[in-house]
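Report on the structure given below.
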Amino acid sequence: MNYQETYQETRAKSISKKLTRRNFNVLICRTLTEAKEQALSLIEGDKTVAFGGSQTLGEVGIIDALYEREQLIIDRGLAENLEERHRLMKQSLLADYYLTSVNGISEDGVLVNIDNIGNRVAALTYGPDKVIAFVGVNKVYGSLETTIEMVRKRTAPLNSFRLELQTTPCVKTGNCGDCLKEECICNIISLTRRSALTDRIHIFLILEEAGF
């Protein structure tokens, strides 16, 4: 193990203790592949799974793996129109498992998320029996104020480019413009400081860089 891996593991162990105090279940995974395999072993084959939009989920490869084993999946991406898409997002709140990521974690263990419609943070907050959040240690930013700033000024603009938005200031300048545009994906800022229910929110902390 080189010094960079040692550093990441030390950070992960430190933040894991703080997350655990906040009633989150934490599993440290060295690689994206390990995170995927651990999730597959946790999710029962006869349960329904839903998921939110996430660069990290794509990198982990968990959705493809679940389809391969013929898991029952609520997938808004298969909707034929906007009405069906919203229906599937509402149905996702009743799933047995909800898969997501987290936009940022403060050094004291608060989860910070930014969302467009709010379906992702709604599922994290209440609804699905269990939530599995895949998070790279690279998303642990520092103080709560710093984490919110990083999520707004770095993560949100990158997601705007990923989603190929056209009108927001961030896709024109690369910087958050604190806009109120129709395409704005920063409509909701959510802080989750503790899980009220034990054994509900599972955070897979990944040492390998994951998402942004």
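For the range 103-150, the fraction of 1.4 Å probe accessible surface lying on carbon and sulfur atoms is 54 percent. For the range 3-206, the relative contact order works out to 28 percent when only alpha carbon pairs closer than 8 Å and six or more residues apart are counted.
Note on exposure: Tyr126, Tyr7, Tyr67, Tyr98 ranked by accessible area (1.4 Å probe, complete protein assembly) read Tyr126, Tyr7, Tyr67, Tyr98, with the most exposed listed first.
I'd like to compare 174-181, 139-146: which one has the highest average count of other Cβ atoms within 10 Å, and what's the full order after that? Don't skip to the answer; put the middle values down first.
On the way: 174-181: 13.1, 139-146: 17.0.
Sorting 174-181, 139-146 by mean packing, highest first, produces 139-146, 174-181.
Ranked by solvent-accessible area (1.4 Å probe, protein heavy atoms only, all chains present), the residues Asp46, Asp75, Asp108 order from largest to smallest as Asp46, Asp108, Asp75.
If Rh is defined by the Kirkwood formula over all Cα pairs and Rg also comes from Cα, what ratio Rg/Rh do you get for the chain? Mind dumping the intermediate values first?
On the way: Rg = 16.7 Å, Rh = 17.5 Å.
That ratio is 0.95, to two decimals.
Summing Cβ point charges (Lys, Arg +1; Asp, Glu -1) relative to the Cα centre of the range 3-206 gives a dipole of roughly 760 debye.
I want the antiparallel fraction of DSSP beta bridges within the chain, as a percent rounded to 5. Present the calculation step by step, with values, prior to reporting the outcome.
Working: 7 of 31 bridges.
Taking every DSSP beta bridge within the chain, about 25 percent pair in antiparallel fashion.
Give me the 1.4 Å probe accessible area per residue for the range 86-212, excluding ligands and nucleic acids, in Å². All intermediate terms of the calculation are to be shown ahead of the outcome.
Details: 5900 Å² over 127 residues.
I get 46 Å² per residue for the range 86-212.
Highest mean first, how do 50-60, 12-22, 149-159, 82-92 rank when packing is the count of other Cβ atoms within 10 Å averaged over residues?
Working: 50-60: 21.3, 12-22: 16.3, 149-159: 19.2, 82-92: 14.5.
So the peptides 50-60, 12-22, 149-159, 82-92, ranked by packing, come out 50-60, 149-159, 12-22, 82-92.
Before rounding to the nearest 500, sum -39500 (n - 2.57) across all DSSP H runs of length at least 4 in the chain and divide by the residue total; then give [θ] at 222 nm in deg cm²/dmol.
Working: 9 runs with 80 residues, N = 212.
Helix contribution divided over all residues of the chain: -10500 deg cm²/dmol.
With a 1.4 Å probe rolled over the protein heavy atoms of all chains, the accessible area of Phe161, Phe134 falls in the order Phe161, Phe134, largest first. With each label modelled as a point 7 angstrom along the Cα→C-beta vector, the Arg11-Asp108 pair spans 2.0 nm. Could you please report the charge total around Asn103, scoring K, R as +1 and D, E as -1 over all other residues with beta-carbon less than 10 angstrom from its beta-carbon? Within the 10 Å Cβ shell, the charges total +3.
The values are calculated or read from the model by the stated rules, or taken from the named source; none is laboratory data. None of the values given here were measured: they were computed from a predicted structure. Reconstructed Cβ throughout: ideal geometry from the backbone, glycine too, with neighbour counts over all protein chains shown. These accessible areas exclude ligands, DNA and RNA; they are computed on the full protein's heavy atoms, side chains included. Shrake-Rupley method; radii C 1.70, N 1.55, O 1.52, S 1.80 Å.
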